[in-house]
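Only the coordinates and a few stated rules stand behind these numbers; no lab work does. Everything numeric in this text was worked out from a predicted model, so none of it was measured. Glycine gets a Cβ as well: all are built from the backbone with ideal geometry, and neighbour counts include every protein chain shown.
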Amino acid sequence: MLRHIIAGLGGALSLAAFLYMYANDTKFDKLGKIQAVLDKSEMMATMAQTEAQVGDVPQQVIGSAVTQMADKTDESAETLKALKEKAGSMASFKVSPEYKVRCSSCHGNNGEGGVGPKIIGLSEAHLIQSLTDFKTGKKQNYVMYGLLANMSQEELDALAKEIATFEAKSKIAQ
């Protein structure tokens, strides 16, 4: 009975992790939209400069407007840069859906840690041993047990192999 409750808890955590990752994917979509607005602002500034050369409006008025638009564009670029830095390494490299669902909500999108400990940089052998110990109950952690209880050894090995590559992927992404 207790194992069923723990497995149910693991399933609920997996669902929460999926929803968390979906929310993060939505945030990254917003970053793309911000970039589109910046691109449009730059295009509008160029159009305003062109109109200033041919239009009836005094050059001084248009020049002031163009300067203001350029300042806003610079401000928007700085805001976008800050947002990208705030996002950090969340999108520095891709991870499997299995990792996203089972691990990322506690260990971070790329293993940097969070609620759970940092796992980036651990060896494949260490990871396999730890995952196996959590699954068998040798290491006591009900959340980990709930997440790993129904996984085969091959699935655990594949997950450990993937996590072991995070450090190298992180260096390449930088």
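Below is a table of values for the structure above.
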read-out	value
Matching residues, region 142-167, being surrounded by 14 or more Cβ atoms within 10 Å (Cβ to Cβ), touching a Gly at 6+ places or on another chain (Cβ under 9 Å) and within 14 Å of Arg102 (Cα to Cα)	Tyr142, Val143, Met144, Tyr145, Gly146, Leu147, Leu148, Ala149, Ile163
Those helices (runs of 4 or more DSSP H) lying entirely in region 108-174 with at least 1 residues farther than 17 Å from Ala17 by Cβ and in contact with a helix residue (DSSP H, G or I) (Cβ under 6 Å, 6 or more places away or on another chain)	124-136, 153-164
